[in-house]
Amino acid sequence: MKLYNLKDNSQSVDFDAAVTMGLGRDQGLFFPETIPHLSNVEALLDLPVFERNFIVLKALLGGAFSDEQLKLIIKKTYDTPVKLKSVNDSTHCVELFHGPTLAFKDFGAKFMANCLKQFNQKGEKITILTATSGDTGAAVAQAFYGINNIEAVVLFPQGRISEWQQKMFTTLGDNIRTVAIDGTFDDCQKLVKQCFDDAPLVQTMGLNSANSINISRLYAQVCYYFDAVAQLPEQNRKEVVVAVPSGNFGNLTAGIIAKTMGLPIKRFIAATNANDTVPRYLQTGQWLPYDTVETLSNAMDVSQPNNWPRIEYLITSGQFEADLLQGVSVTESQTAQAMKNMYRQGYISEPHAAVAYRALKESLLENETGLFLGTAHPAKFKSSVEDILSIELIFPQAIKAIKNKIDLSISMKNNVDTLKSFLLL
Ligand SMILES: *Cc1c(COP(=O)(O)O)cnc(C)c1O
């Protein structure tokens, strides 16, 4: 299936090119002209998860892979479970955080890594260069670890991320090179951008950013919406409302794609923290990003969400009704209250999911079933969870083990020429 550049629809490419390039001309996002519809979704929901994911992805990808290749990619991507946990009778958390870095980003990163691996059978040099403030870099490093002919270079701001977060990607070694930059996260991002502006370097190194605008990451996320609805008892699948804690709006885009394909979701709630560009836009029709503010749900501290044009396109092309999307912005104290509220019902959550829970609670009608996405494991936001709930959290076993591993990162000045020579080593 062809993917069009949303800024310039004279550019259309196949899936492999879209994944390899990331962005199109003028920084335009790739997207299919029409989302395919699936027939007999009821029967699909009763299938085992691997078979269901195969049908969903096959519809989106067309002939990008042979059936065998696609099955292998699916097996490697969805090797950790999506768990539906009830907070109460009408509200359930879709836990997406049982992967290697304890966040939903593992699904998209793993899928992208395995797609690129498959597209690169000739073994050309590919270098994934990415800057991280903690989350994305870890997911990308874990996903690309051990993949032949693809090297990942992850930059992070020295001394500004927690020890275990850092160890989640700096202890891997092999084809994962990690660099502690003497600077801030913004400095790291700037260095990455400077490298991508160097056309010969991009060419020689086969540079790719693996960031969340890559269409492959979205496609991977479509599957778990099907999985979540499939885990509901059949009588509760009629009036499903999904609240998505949103930053760059990739996750919500994936949900809307799932609905457009035929998944029975009645409506969506775009839940944000104080960075509320989208909720304000949905109310006033004015796109007015303010300066980004820091919140408890810091992975959602985004004021110019880069996936929004995809949702806008689904609306303007008549594939998704704008009325079915409600924007809700949640304050810091409401976020903390929501965590306490869930804790009283026996469920420990963290700030990102809590934003969605709060928005859902505000909006859910009596006969509706509410789902909210659990995007990160509570241990990932240990200190705020412990502060707000006055409890002590136990780290999952997987994290405890990395504490004793050796940090293999190197330190580097905030200097693009130093970085470039390092890349070319
Ligand atoms: C990245 C992230 C989000 C935001 O997801 P988007 O797809 O960018 O909207 C929410 N929660 C957590 C924990 C994240 O890491």
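The values are calculated or read from the model by the stated rules, or taken from the named source; none is laboratory data. Model, not experiment: these values are computed from the prediction. Cβ coordinates were reconstructed from backbone atoms using ideal geometry, including for glycine residues, and neighbour counts include every protein chain displayed.
Counting only strands (runs of 3 or more DSSP E) wholly contained in segment 83-168, the ones carrying 1 or more residues that are within 16 Å of the ligand (Cβ to nearest atom), without any contact (Cβ under 8 Å) to a residue 60 or more places away in the chain and surrounded by 24 or more Cβ atoms within 10 Å (Cβ to Cβ) occupy 150-157. Output the residue which, of all residues in segment 299-321 that are part of a helix (DSSP H, G or I) and without any contact (Cβ under 8 Å) to a residue 60 or more places away in the chain, is nearest to the chain's Cα centre (by Cα). Among residues in segment 299-321 that are part of a helix (DSSP H, G or I) and without any contact (Cβ under 8 Å) to a residue 60 or more places away in the chain, the one nearest to the chain's Cα centre (by Cα) is M300.
Looking only at segment 228-251, filter to residues that are surrounded by fewer than 21 Cβ atoms within 10 Å (Cβ to Cβ) and part of a loop (DSSP other than H, G, I, E, B); which one of those is nearest to the ligand (Cβ to nearest atom)? Restricting to residues being surrounded by fewer than 21 Cβ atoms within 10 Å (Cβ to Cβ) and part of a loop (DSSP other than H, G, I, E, B), the top hit is N248.
Taken as a whole, the structure leaves T284 outside the set of residues that are within 13 Å of the ligand (Cβ to nearest atom), at negative phi and free of Cβ contacts under 8 Å to residues at least 60 places away in the same chain. Given the condition modelled with pLDDT of 95 or more, out of contact with any strand residue (DSSP E or B) (no Cβ under 8 Å at 6 or more places or on another chain) and within 29 Å of A353 (Cα to Cα), answer yes or no: does some residue in segment 143-165 qualify? Yes: one or more hits.
Name the pairs whose Cβ atoms lie under 6 Å apart, with the first residue in segment 367-384 and under 11 Å from A243 (Cβ atoms), the second assigned to a helix (DSSP H, G or I) and away from the ligand (no atom under 11 Å from the Cβ), and 6 or more positions between them or separate chains? Between residues of segment 367-384 that are under 11 Å from A243 (Cβ atoms) and residues that are assigned to a helix (DSSP H, G or I) and away from the ligand (no atom under 11 Å from the Cβ), the close pairs are G370/L360; L371/A228; F372/Y357; F372/L360. Hey, among the residues in segment 294-319 that are among the charged types (D, E, K, R) and closer than 26 Å to P378 by Cβ, which one's farthest from the ligand (Cβ to nearest atom)? Checked segment 294-319; the qualifying residue farthest from the ligand (Cβ to nearest atom) is E294.
Take the conditions (1) under 21 Å from the mean Cα position of the chain (by Cα); (2) touching a residue at least 40 places away in the same chain (Cβ under 8 Å); M342 misses just one of them, which is (1). Here L207 clears all of (1) surrounded by fewer than 24 Cβ atoms within 10 Å (Cβ to Cβ); (2) more than 19 Å from L425 (Cα to Cα) except the condition numbered (2). Residue check: S212 meets all listed conditions (1) within 24 Å of T136 (Cα to Cα); (2) modelled with pLDDT under 95; (3) not in a loop (DSSP other than H, G, I, E, B) but one, namely (3).
Exactly one residue out of D186, D174, D198 is acidic (D, E) and within 18 Å of K110 (Cα to Cα): that is D174.
The helices (runs of 4 or more DSSP H) falling completely within segment 345-425 that include 1 or more residues that are within 13 Å of the ligand (Cβ to nearest atom) and at pLDDT 95 or above map to 351-363, 382-389.
Looking at segment 322-333, is at least one residue of a type in the set (A, V, I, L, M, F, W, C), assigned to a helix (DSSP H, G or I), more than 15 Å from the ligand (Cβ to nearest atom) and within 24 Å of I256 (Cα to Cα)? Checked against the condition, which is being of a type in the set (A, V, I, L, M, F, W, C), assigned to a helix (DSSP H, G or I), more than 15 Å from the ligand (Cβ to nearest atom) and within 24 Å of I256 (Cα to Cα), segment 322-333 yields at least one hit.
Restricting T101, T130, T136 to those that are of a type in the set (V, I, T), at pLDDT below 95 and farther than 22 Å from G255 by Cβ reduces the list to T130.
In segment 271-279, the count of residues that are among the hydrophobic types (A, V, I, L, M, F, W, C), crowded, with 20+ Cβ neighbours inside 10 Å and out of contact with any strand residue (DSSP E or B) (no Cβ under 8 Å at 6 or more places or on another chain) is zero. Does D291 qualify as being acidic (D, E) and either surrounded by 12 or more Cβ atoms within 10 Å (Cβ to Cβ) or assigned to a loop (DSSP other than H, G, I, E, B) (or both)? Against the criterion (acidic (D, E) and either surrounded by 12 or more Cβ atoms within 10 Å (Cβ to Cβ) or assigned to a loop (DSSP other than H, G, I, E, B) (or both)), D291 qualifies.
Mind listing whichever residues of segment 325-338 are of a type in the set (A, V, I, L, M, F, W, C) and under 22 Å from the mean Cα position of the chain (by Cα)? L325, V328, V330, listed by residue number.
Scanning segment 244-269 for residues that are over 15 Å from the mean Cα position of the chain (by Cα) and farther than 27 Å from S39 by Cβ yields a total of 1. Taken residue by residue, segment 55-73 has no member that is surrounded by fewer than 21 Cβ atoms within 10 Å (Cβ to Cβ), without any contact (Cβ under 8 Å) to a residue 60 or more places away in the chain and within 20 Å of the chain's Cα centre (by Cα).
Scan segment 329-369 for residues that are surrounded by fewer than 17 Cβ atoms within 10 Å (Cβ to Cβ) and of a type in the set (G, A, S) and the total you get is 3. Scanning segment 1-52 for residues that are touching a strand residue (DSSP E or B) at 6+ places or on another chain (Cβ under 7 Å), at positive phi and not in a loop (DSSP other than H, G, I, E, B) turns up just one, D26. A single entry from A254, A270 fulfils the requirement of being assigned to a strand (DSSP E or B), within 30 Å of E51 (Cα to Cα) and within 15 Å of the ligand (Cβ to nearest atom): A270.
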